[in-house]
Amino acid sequence: MGKKLLLGVNIDHIATLRQARLEKFPSIIRAAEVCEKAGADQITVHLREDRRHIQDKDVFELKKNLSGKLNLEMACYDEIVGIARKLRPRQATLVPEKRKEVTTEGGLDVLKNFSAVARTVGKLQEKKIAVSLFIDPELEQIEMALRTGAEFIELHTGAFANAASELAAGKEIRKLIDASAFANALGLGVNAGHGIDYNNMKSILKIPHLHELNIGFSIIAEAVFIGLDKAVEKMIKLMKQYKGGY
């Protein structure tokens, strides 16, 4: 019997739909409540510097109304760090951010940006916020993540999800398996996310030592057809097959 694999539902795309018309709906709070009622263990949102979807008001309303855990994705910008320190979510996940990207492209380069990342980790932990670093499955990045003092890493699964062939996908899963085992041996908690969907979940479940998955687009896309609650429940049903990756 494996440990329970937790699900964080990223609801950024609910806000994307709202911002497309600058309306007051669909409601971020209602979306979060539906996800929690359907069994989601946490709600994940990315407060970007450009505010293209989630707004400052959203994160504070979520913190006030959520019954479970709030995971704030964020870059190491001073303004956003200040907001996070005031908000005090249960977890912050540090991610790279570029203005022109459609979605997050690749993991945070902790080697190149060690000082800034370590400083941000420290500032967040001062407010009792657990910190996760969104990184590629590379051993050097994991070692540097440990040195920052972060409690968790989130393995970037995008290269696997976007692999052009089964052979390439298999190689990427192997990297993720090895990276997770290495991080666990160092004492880091291991999360994963990006590009995970209903079709590739079977391969994701081969990764050992996973604590939580953060999934957004595929759940919101499926919700268009079957409803948000059913889309969350459908993902959780797949995740219940997790046996620790072994």
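Read the figures in this text as sums done on the coordinates, not as results from a lab. Source: prediction; values computed, not measured. FYI the Cβ positions are ideal-geometry reconstructions off the backbone, even for glycines, and counts take in every protein chain you see.
Each label point was placed 7 Å from the Cα along the Cα-to-Cβ direction; for E33 and K4 their separation is 2.3 nm.
Ordered by the number of other Cβ atoms lying within 10 Å of each residue's own Cβ, fewest first, M144, M74, M201 fall into the sequence M201, M144, M74. Multiplying the residue separation of K64 and D50 by 0.36 nm and removing their Cα-Cα distance gives an extension gain of 2.7 nm.
Under the membrane-span-like helix rule (DSSP H runs whose alpha carbons stretch at least 20 Å along the helix axis, mean Kyte-Doolittle hydropathy -1.0 or higher), the chain yields 166-186. Of T148, V81, A161, which is farthest on the positive side of the dipole of the chain, counting Cα position, with +1 on Lys and Arg Cβ, -1 on Asp and Glu Cβ, and the Cα centre as origin? Final value for the positive-end residue is V81.
Quick check on the exposure proxy: order Y198, Y242 from fewest to most C-beta atoms within 10 angstrom. Working shown, then result.
Working: Y198 16, Y242 19.
Least to most surrounded, the residues fall as Y198, Y242.
Here the spin labels are modelled as points 7 Å beyond Cα on the Cα-Cβ line, and at F114 and K128 they lie 3.2 nm apart.
Pairs from the list K112/K175; K57/K230; K4/K202; K69/K237; K63/K128 with a Cα-Cα gap above 24 Å: K57/K230.
When both the range 188-210 and the range 1-62 are represented by their alpha-carbon centers, they are found 20 Å apart.
Fewest first, what order do F134, F152 take by the number of other Cβ atoms within 10 Å? Write out the running numbers ahead of the final one.
Numbers: F134 25, F152 19.
Ranked by crowding around the Cβ, least crowded first: F152, F134.
Between the range 136-150 and the range 168-183, the alpha-carbon centres lie 15 Å apart.
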